Amino acid sequence: MKDTDKKDLHVKNGDRVVVIAGKDKGKEGNVTKVDRTKGKVLVQGVNMVTKAQKPQPALGIQGGLIKVEAPLDSSNVMIICPACSKATRPATKIVDGKKVRVCKKCGEQL
């Protein structure tokens, strides 16, 4: 895979986000995984789907229907600023030679 196939996303692991579109609109959660090649994010407790699990006695896994988180498109989530607690689009600024993300509403570093 080439580095050019990776997309720069506005979210990173550990960010607190709110869903702005889809069936879970308005729900909040932390980003647990980011897939830069597909532009998808996995948010804790959001976009739960039911999956059929086959039993695996060797591993001690019972069969049945389980709930798992499905990935969301990164464009459907917005970062929540820890300082002002509002959903915001991050801006980028250069501070001490490093590129950092800042809140557009209050100016605090994300």
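What pairs in K25/K54; K33/K99; K33/K67; K67/K104; K6/K67; K23/K67 have C-alpha atoms more than 26 Å from each other? Please list the in-between numbers first.
Details: K25/K54 31 Å; K33/K99 22 Å; K33/K67 17 Å; K67/K104 36 Å; K6/K67 29 Å; K23/K67 16 Å.
Beyond 26 Å: K25/K54; K67/K104; K6/K67.
The modelled label-to-label distance for the pair D8/V68, using points 7 Å beyond Cα in the direction of Cβ, is 3.3 nm. The structure-derived value of Rg/Rh (Cα atoms, Kirkwood Rh) appears in the list [x] 1.09; [y] 1.06; [z] 0.98 under the label [x]. Treating r as the C-beta distance of V49 and I20 and R0 as 25 Å, the FRET efficiency rounds to 0.80.
How much FRET efficiency would the formula 1/(1 + (r/R0)^6) give for S85 and A58, where r is the Cβ-Cβ distance and R0 is 30 Å, rounded to 0.05?
Using R0 = 30 Å, I get an efficiency of 0.05.
In order along region 84-95, the Karplus-derived 3J(HN,Hα) couplings, from 6.51 cos²θ - 1.76 cosθ + 1.60 at θ = phi - 60°, round to 9, 6, 10, 6, 8, 8, x, 9, 10, 9, 9, 10 Hz, and Gly and Pro are given as x.
Read the figures in this text as sums done on the coordinates, not as results from a lab. Given the structure is predicted, the values throughout are model-derived calculations rather than measurements. Reconstructed Cβ throughout: ideal geometry from the backbone, glycine too, with neighbour counts over all protein chains shown.
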